[in-house]
1. Give me a single rounded figure for B:96-109: the average over its residues of other chain Cβ atoms within 10 Å of their Cβ.
2. Once you sort the root eigenvalues of the Cα gyration tensor of the stretch A:118-262 as a ≥ b ≥ c, which label holds: rounded (a/c under 1.5), prolate (a/b larger than b/c) or oblate (the other case)?
3. Suppose R0 equals 35 Å. What FRET efficiency, 1/(1 + (r/R0)^6) with r the Cβ-Cβ distance, do A:SER117 and A:ASP139 give to the nearest 0.05?
4. Given 0.36 nm per residue, what is the gain on full extension from A:ALA327 to A:ALA30 after removing their alpha carbon distance, in nm?
5. Per residue of A:340-350, what is the mean number of Cβ atoms on other protein chains within 10 angstrom of that residue's Cβ?
6. Please list 3J(HN,Hα) in residue order for the stretch A:151-157, calculated via the Karplus relation 6.51 cos²θ - 1.76 cosθ + 1.60 where θ = phi - 60°; whole Hz, with x for glycine and proline.
7. Distance from the Cα centre of the stretch A:1-27 to that of the stretch A:243-291, in angstrom?
8. Under the rule of -39500 (n - 2.57) per DSSP H run of 4 or more residues, summed and divided by the residues of chain A, what mean residue ellipticity at 222 nm is obtained, to the nearest 500 deg cm²/dmol?
Amino acid sequence: MTATVYVPRDSAAVSVGAHAVAAAIAAAAAGRGERVRLVRNGSRGLLWLEPLIEVATASGRIAYGPVQAHDVEGLFAADVLRGGAHPLRLGPTAEIGWLARQQRLSFARTGVVDPLSADDYEAHGGLVALRAALAMAGDALVEQVASSGLRGRGGAGFPAGIKWRTVRQAQADQKYVACNADEGDSGTFSDRMLLEGDPFTLLEGMAIAGLAVGATVGYVYLRSEYPDARAVLRAAIETARARGWLGDSVLGSSRAFDVHLRIGAGAYICGEETAMLESLEGKRGIVRAKPPLPAIAGLWGKPTLVHNVMTLAAVPWIVQHGGAAYAAIGSGRSRGTLPVQLAGNVARGGLVEVPFGTTLRELLVDYGGGTRSGRPIRAVQVGGPLGAYVPSSAFDLPLDYEAFAAAGFLVGHGGVVVFDDTVDLGRMARFAMAFCAAESCGKCTPCRIGSTRGVEVLDKILAGEQREANTALLRDLCDTMTHGSLCAMGGLLPMPVLSALDHFPEDFGKG
Amino acid sequence: MPSTATNGAAPASPATPTQFAIVDASIARLGDLPGALLPILHDVQDQLGFVPEAADARIAAALNLSLAEVHGVVTFYHDFRRAPPGDHVLRICRAEACQAVGGERLEQHLAAHGLGAGATSADGRLTVEAVYCLGNCALGPSVQFDGELHGRVDERRLDQLLGAAGILPRGGCGCGRQGGCR
Ligand SMILES: Cc1cc2nc3c(=O)[nH]c(=O)nc-3n(C[C@H](O)[C@H](O)[C@H](O)COP(=O)(O)O)c2cc1C
Ligand code: SF4
Ligand code: FES
């Protein structure tokens with residue numbers, strides 16, 4: 001009998017040795033005359049246990065991890081192919097508490113299926129939503145998404161239904177769906193994990209969006225820092241075309257939708273939607289003034305539905321189960337689930353898809369298990385480089401766009417970066433300013449000049465030079481950036497800076 | 001190891017006929033795409049390791065753009081190089097989640113070897129670049145070496161990585177750094 005063994009191809013797993021483990025398994029099996037089918041799946045998201053391998057047994061998939069190549073001989077000696085006992089055995093994957101407690105809607109298939117197997121995709125519920133969408137009127141599809149309460153996962157949290165309606169109603173000879181896979185925020189990797197682990201879900205979501213708004217062409221703008229995601233997505237697009245899922249006649253419907261992949265070139269600002277559109281058009285990533293909204297005049301001046309990978313990946317579930325089912329999950333006006341990414345100095349880092357309303361403490365303690373260093377958590381940065389440094393006194397805050405905003409924080413793309421008590425928040429504030437100075441598109445003065453001035457002022461404060469006067473100057477500068485910047489790069493940069501200053505003043509010079 | 005800056009600072013080398021042939025082939029293959037400039041620049045750099053300054057005019061003419069537009073795009077994006085990189089490229093993550101687990105020590109360690117970000121070693125074996133996030137933020141510090149991601153990288157693993165590529169002598173370089181080369 002052939003045993004099936006899953007070894008992730010996810011680049012996080014690869015970064016700690018998954019390729020070597022796969023090779024060692026193939027060699028060990030060959031040496032013993034065992035027949036093994038190796039599936040290179042995505043990651044289950046328990047990243048601290050990677051490489052986490054699974055073996056298919058009569059009683060389900062059994063997990064072992066973290067496995068190194070030199071563990072493989074011992075695993076085979078322990079009869080791993082039949083789920084044998086071994087110190088690295090984690091038990092049935094589905095029963096691992098960290099995973100079982102999550103509510104995986106968008107990530108239901110990631111880590112489970114072979115990311116490039118179209119048959120596997122269909123066997124696990126893929127295409128059900130696209131088939132349903134083809135049988136629905138565009139207006140009804142838009143209403144499903146509107147009633148789900150889905151909001152943009154790229155950072156701004158704008159209601160998806162309103163955008164869909166706007167693009168649908170716009171009159172034009174050509175419309176586009178543009179998927180934002182720039183994922184530039186430090187501490188975030190959910191887009192990457194889905195692209196590497198379940199790319200067909202994104203393509204299905206994009207096709208449904210295209211049908212709903214009347215777009216026939218989609219683009220994915222993927223950051224160049226993700227070569228593995230690029231390879232998987234490129235292959236998935238080819239397979240989807242070959243199967244007739246994409247192309248001139250989606251699933252034989254005579255309705256067209258195709259997807260093209262474009263690669264960024266290492267500019268953080270190209271994650272901002274209008275800069276991304278400029279970049280897709282082959283130009284420098286300079287932010288456009290709004291209006292016009294991309295939904296009215298986007299790519300090449302045509303109505304364009306711009307969404308983050310996570311937003312589009314939520315769509316198949318919503319269409320399959322209905323907007324009301326999605327809206328039944330969550331908290332306040334934040335509906336559904338958020339794929340949270342636990343990162344930085346965290347003991348059990350990885351992907352945690354949970355309903356909105358989950359508190360930071362649950363994430364950091366129950367899931368994260370505290371810091372990797374074993375020292376106390378001093379701060380967490382939520383929402384990427386433009387997000388706030390949140391002190392431990394605020395850890396009971398629920399994940400909820402409005403609750404976070406009221407506290408002066410950002411949910412953003414759901415990245416949670418943990419720092420222990422050795423962190424110097426003065427340095428982190430300076431880093432935020434320097435990052436903005438390096439990555440500003442340069443279109444407006446508050447951001448371009450302000451960030452450079454901010455670095456200088458912070459240097460003086462940190463050196464204890466006229467602390468009070470310079471701190472007042474820093475606050476003034478931040479005020480100008482908040483109110484005078486054209487986009488959220490300069491507009492939100494004061495958030496990490498001032499949250500650090502307000503919650504951790506002891507880190508800002510002695511003067 | 002003394003180093004020379006390469007990102008834009010080095011004088012542009014004149015392009016060779018082979019390089020022009022590669023640029024022309026990229027234009028022929030990709031020039032009809034909407035927004036073809038970035039795909040062409042990527043394609044050229046994938047093959048040559050950089051975008052020769054002399055290529056700008058050819059690309060501009062083919063795409064009906066001004067030279068300034070092409071030049072502006074090449075220089076706007078951090079990815080595009082103006083001079084060939086070393087035999088190997090090491091990209092070190094500098095962003096917050098990697099800082100939270102001591103990522104800056106990797107840059108300090110390389111600096112002790114005279115290898116700063118944006119520099120190529122004098123023997124042309126290694127180019128070091130800084131990046132902001134590689135999407136491996138739960139398993140930092142992270143680096144990308146010749147396109148492959150590595151996680152939980154400390155000074156020792158970095159030396160092993162470079163040693164395996166024959167860049168540093170295996171087992172460290174004798175710099176005597178505490179907790180560093182071994
Ligand atoms: C500086 C900056 C960087 C951004 N980076 C990203 C990004 O990497 N990915 C993303 O999806 N959205 C990013 N956004 C948000 C986008 O502008 C836009 O709101 C989003 O792509 C819309 O999709 P959504 O409605 O699905 O969130 C960024 C915004 C700013 C101001
Ligand atoms: S705020 Fe900064 S990034 Fe945004 S448009 Fe102005 S200069 Fe560009
Ligand atoms: S912050 Fe270093 S990989 Fe994301």
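FYI, it's all coordinate maths here, none of it is from the lab. Remember, predicted model here, so these are calculated numbers, not experimental data. Heads up, the Cβs are rebuilt from the backbone with ideal geometry, glycines too, and the neighbour counts pull from every protein chain shown.
1. The per-residue average across the peptide is 6.
2. Judged from the Cα gyration tensor, the stretch A:118-262 comes out oblate (a/c at least 1.5, b/c at or above a/b).
3. 0.55
4. 101.9 nm
5. 5
6. Per residue, the Karplus-derived 3J(HN,Hα) values read 10, x, 8, x, x, 7, x Hz.
7. Centre-to-centre distance over Cα atoms comes out at 33 Å.
8. Rounded to the nearest 500, it is -11500 deg cm²/dmol.
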